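Reading through the structure tokens given below for one structure.
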Ligand SMILES: Cc1cc2nc3c(=O)[nH]c(=O)nc-3n(C[C@H](O)[C@H](O)[C@H](O)COP(=O)(O)OP(=O)(O)OC[C@H]3O[C@@H](n4cnc5c(N)ncnc54)[C@H](O)[C@@H]3O)c2cc1C
């Protein structure tokens, strides 16, 4: 293989580039990314980037790199790659292995790594000034500047992880926050009802109103086009100076329409991150690997080595078997989850107490632990996570 093009130049794309060089690939390497930035870390965008000025302006980094940078000048030089930033891939011609760019350039390449991540879902209708989604550094920068204008009534639409983190950050900044969630309880698909209820209590602990079981009809704006209120489907009207919508993401596959790749909730791959089209692999939020798509930092990083190994081998010789893992920081509480929870799995608290917002829970199925959840219990969580990752785990503890 003489040339590899990575589309999507952020977390999974960077890890794929690193894996290519680490696994001995010495051919031409090109990374295409539609954001103007070198790879940066997204998880802080809803957390300390909003609350800590040092994180936002980069002064927290002793090396003086750009805010949240995932790489540095030395590594960039070592990767010996061409970086096409601020450049969007618009079409993939799989027959000729050609990537069409919005600059008019067409890259023909031997191998392709798809790493375009996901894009936030948006509410239908116009988005007035003062309303935000949160995916990119630029989104977070704009939100942060708006929050800095003074005390605001913030309405967060969507009580999932990103919505909850934004609510916590805005509360820490002294804003008055309301979270609107369409489901009867947020995070049930991820955590199950019992544990989701315990996590939802965090909002109330910090004076954040959580309105559940109601959708949003529209965002109201004043004559200048600035948001003034959120109208709910149950008729209530919430006055708002700032609105943040966190209602999930869609894998960024629009540009792959007509490519012949199987697209259904992401790019469908086998367990080795390989698509059915030779020499095309997918990693990170855009990849549906063996039927499952993760939207987690750790999956994006772990899949890269497997995908690249198979790309260079020319077929799937290695599969990705890592245990799903994610974390979330809300109101000073670190939530950690690992494993394969299925509906019906029964959570059992084995350490700590929900009243202290600090506990460890195992989810059990047929006498086995299927998953583990912790609130502010990082050490025992990591021990159980390691145990779960062992192929032969059968403990219920
Ligand atoms: C605010 C926020 C907080 C998060 N917090 C956590 C957390 O606490 N814990 C956790 O586990 N995970 C968290 N995540 C999720 C985690 O950041 C993602 O899983 C991870 O970023 C996925 O990496 P990726 O490289 O697949 O996608 P991305 O990081 O989205 O990178 C994809 C890149 O491809 C670019 N791109 C898209 N289409 C094209 C195109 N056609 N041409 C060129 N470039 C394109 C995108 O602009 C982007 O730069 C968070 C995410 C967000 C947004």
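The values are calculated or read from the model by the stated rules, or taken from the named source; none is laboratory data. A quick note: this is a predicted structure, and the numbers were derived from the prediction, not measured. In this analysis, Cβ positions are derived from the backbone assuming ideal geometry, glycine residues included, and neighbour counts consider all displayed protein chains.
The table that follows gives values for the structure above.
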{"item": "Where residue 269 falls short, out of the listed (1) in contact (Cβ under 8 Å) with a residue 12 or more places away in the chain; (2) surrounded by fewer than 18 Cβ atoms within 10 Å (Cβ to Cβ)", "result": "(2)"}
{"item": "Top-ranked residue in the range 35-50 [being buried (at least 21 other Cβ atoms within 10 Å of the Cβ) and near the ligand (Cβ under 7 Å from one of its atoms); ranked as nearest to the chain's Cα centre (by Cα)]", "result": "42"}
{"item": "Hey, residue 321 under 30 Å from residue 267 (Cβ atoms), at pLDDT 95 or above and not assigned by TED's automatic domain parsing to the domain that holds residue 29 or not", "result": "no"}
{"item": "Any chance residue 341 is outside the structural domain of residue 189 (by TED's automatic domain parsing), touching a residue at least 60 places away in the same chain (Cβ under 8 Å) and over 29 Å from residue 272 (Cβ atoms)", "result": "no"}
{"item": "Which numbered condition residue 53 fails, given (1) within 9 Å of the ligand (Cβ to nearest atom); (2) out of contact with any helix residue (DSSP H, G or I) (no Cβ under 8 Å at 6 or more places or on another chain)", "result": "(1)"}
{"item": "Filtered residues of the range 100-149 (kept if more than 22 Å from the chain's Cα centre (by Cα) and either near the ligand (Cβ under 9 Å from one of its atoms) or under 18 Å from residue 37 (Cβ atoms) (or both))", "result": "101, 102, 103, 145"}
{"item": "Unique match (being in the same structural domain as residue 20 (by TED's automatic domain parsing) and touching a strand residue (DSSP E or B) at 6+ places or on another chain (Cβ under 7 Å)) among 290, 282, 257", "result": "282"}
{"item": "Hits in the range 238-276 (condition: under 30 Å from residue 175 (Cα atoms), outside any strand (DSSP E or B) and out of contact with any helix residue (DSSP H, G or I) (no Cβ under 6 Å at 6 or more places or on another chain))", "result": "240, 241, 247, 248"}
